[in-house]
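This report refers to the structure that appears directly beneath it.
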Amino acid sequence: MSDSDFEPSWNAEWGTATKGVRAGTHRTHEGEHSSAIYMTSSFVFDSAEACAARFSGDEPGNIYARFTNPTVDAFNKRLAAMEGGECSVSTGSGMAAILATCLATLSAGDHIVASHTLFGSTIGLFNNYLAKLGISTSYVAPDDVDAWRAAVTPATKMLFVETPSNPLTEIVDMAALGQLAEDHGAWLVVDNCFCTPALQRPLEQGAHIVTHSATKYIDGQGRALGGAVVGDADVVGDQVFRFLRTCGPSMSPFNAWIFYKALETLEVRMQAHCRAAMTLAEWLENQPGIAKVYYPGLASHSQHELAKRQQPGGFGGIVSFDLAGGREAAFALINATEMLSITANLGDTRTTIVHPASTTHSRISPADRERAGIREGLVRVSVGLENIEDIKADLARGLGR
Ligand SMILES: *Cc1c(COP(=O)(O)O)cnc(C)c1O
């Protein structure tokens, strides 16, 4: 930063929407209102002495964009402010954020307890790659705190969860698991991709580390791939950052700029997703051929009270439902839609629809799937920002059949 640059101050007491708009702003001598993009991989110095001081760490500042870049830093500061964390480190994808968290903090012999409903590639990372390095994982039901307690061993260093779970929207009690982690000297890591800090802030609920796939709701428009790890200055600011700077799964400045700008509308977008999802869930409960609707905002959801406490900003944009007619009815409904996008992606302005049993959860054995409650008639909708009446009309086409 040159002498004439300045960072407008921001306040930790501000609401999340205000932080999303105002925190982490870095303004140059040009006085630009919207942030500049620093498309540069390297940085130059006035002298060999200045260069040496930067490399030795005696003087703070940029050296090379694998380590730091002003646009990426702006995104980091803004996201950390919104999550209520001391530091954020950004990565090239959501999976890179989870990989960086695990490799920076775990060693051979360590053990993870994870919910069995995690994102498929996260389970793949744990089972196929961390296992090879001598880091083992046990899986338990997300909503069964006793099962988590029973699975913890003296080697357990990490509890890893997503809440609400995908696709059945089971809620993990973060305060209970945060305490369990504390009691055993472990970290509670929450993948906050489904809620974002606009709906829930895990660090305020007992979690130690938050990971993000910025690819989903943070971008919110299906444009860019990215991820982030948020937490304290030691584990995230030091350990995860040092992994990133050495091993290199860093975020591009251009993508950081997209995400940084997207944070400005995150809260209003998430509220619109929640409002539409709630309307859709209530409507679906009264449609023919539907056996059950899964949405934490419904009074019929078995953990509705916990969801209300833990997700002060809202219940999220993901609604799943079981069709009484099984796979045939599910496929017929999906094929009858004309507007909805048939894709496993989520967190987009465009409403997406998918059949989990044959796609996102197809690699799980039928018996395990049945045990996890992912039935052949289950359909998952990520409710977008189209007019809710148009979304309902598109689904109604296939429901009467
Ligand atoms: C998509 C997703 C990821 C992985 O993110 P990428 O950006 O695709 O690497 C991780 N966790 C959850 C819950 C996701 O939905």
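The values are calculated or read from the model by the stated rules, or taken from the named source; none is laboratory data. Only a predicted model underlies this, so the values are computations on that prediction, with no experimental measurement involved. Virtual Cβ from ideal backbone geometry, glycine too; neighbours counted across all protein chains shown. What goes into the accessible areas is simple: the full protein's heavy atoms, side chains included, and nothing from ligands, DNA or RNA. Shrake-Rupley method; radii C 1.70, N 1.55, O 1.52, S 1.80 Å.
Structure data summary
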{"quantity": "Taking the chain and dividing mean pair separation by its residue count, relative contact order in percent (alpha carbons under 8 Å, at least six apart)", "calculated": "16"}
{"quantity": "Over 28 Å between alpha carbons, listed pairs Lys216/Lys308; Lys132/Lys261; Lys19/Lys392; Lys261/Lys292; Lys19/Lys292; Lys77/Lys392", "calculated": "Lys132/Lys261; Lys19/Lys392; Lys261/Lys292; Lys19/Lys292; Lys77/Lys392"}
{"quantity": "Relative contact order computed over region 160-306 (Cα-Cα under 8 Å; 6+ residues apart), in percent", "calculated": "20"}
{"quantity": "1.4 Å probe accessible area per residue over the chain, in Å²", "calculated": "42"}
{"quantity": "C-alpha center-to-center spacing [region 215-242, region 352-401] in angstrom", "calculated": "28"}
{"quantity": "Charge tally in the Cβ shell below 15 Å around Ala17, where Lys, Arg are +1 and Asp, Glu are -1, Ala17 excluded", "calculated": "+2"}
{"quantity": "Whole-percent pair-distance distribution, where bins are 5 Å wide, for the alpha carbons of region 80-133", "calculated": "4, 16, 25, 24, 18, 10, 3, 0"}
{"quantity": "Crossing angle, helix 388-399 versus the chain [Cα axis fit, 0-90 degrees, rounded to tens]", "calculated": "40"}
{"quantity": "More than 14 Å apart - percent of Cα-Cα pairs taken over region 246-288", "calculated": "67"}
{"quantity": "Spherically averaged projected area of region 67-265 from its Cα convex hull (nm²)", "calculated": "9.7"}
{"quantity": "Tail fraction, Cα-Cα pairs, the chain, threshold 36 Å, whole percent", "calculated": "26"}
{"quantity": "Mean Cβ neighbour count within 10 Å, used as a protection proxy, ranking 106-112, 344-350 highest first", "calculated": "344-350, 106-112"}
{"quantity": "Dimensions in Å of region 266-399 - Rg and Dmax from alpha carbons", "calculated": "14.2, 41"}
{"quantity": "Cα-based equivalent ellipsoid, region 1-133: semi-axes from gyration tensor eigenvalues, Å", "calculated": "33, 22, 13"}
{"quantity": "Length-normalised contact order for region 67-265 - Cα pairs under 8 Å, 6+ apart - percent", "calculated": "32"}
{"quantity": "Accessible-area composition of region 81-205, carbon plus sulfur, in percent [1.4 Å probe]", "calculated": "51"}
{"quantity": "Whole-angstrom gap from region 1-75 to region 132-187, using each part's C-alpha centre", "calculated": "36"}
{"quantity": "Bins of 5 Å from zero: percent of alpha-carbon pairs in region 187-290", "calculated": "2, 11, 17, 19, 19, 13, 8, 5, 3, 2, 1, 0"}
{"quantity": "Cα-centre dipole for the chain with unit charges at Cβ (Lys and Arg positive, Asp and Glu negative), debye to 20", "calculated": "1000"}
{"quantity": "At 1.306 mPa s and 10 °C, Stokes D of region 332-393 from Kirkwood alpha-carbon radius, µm² per second", "calculated": "127"}
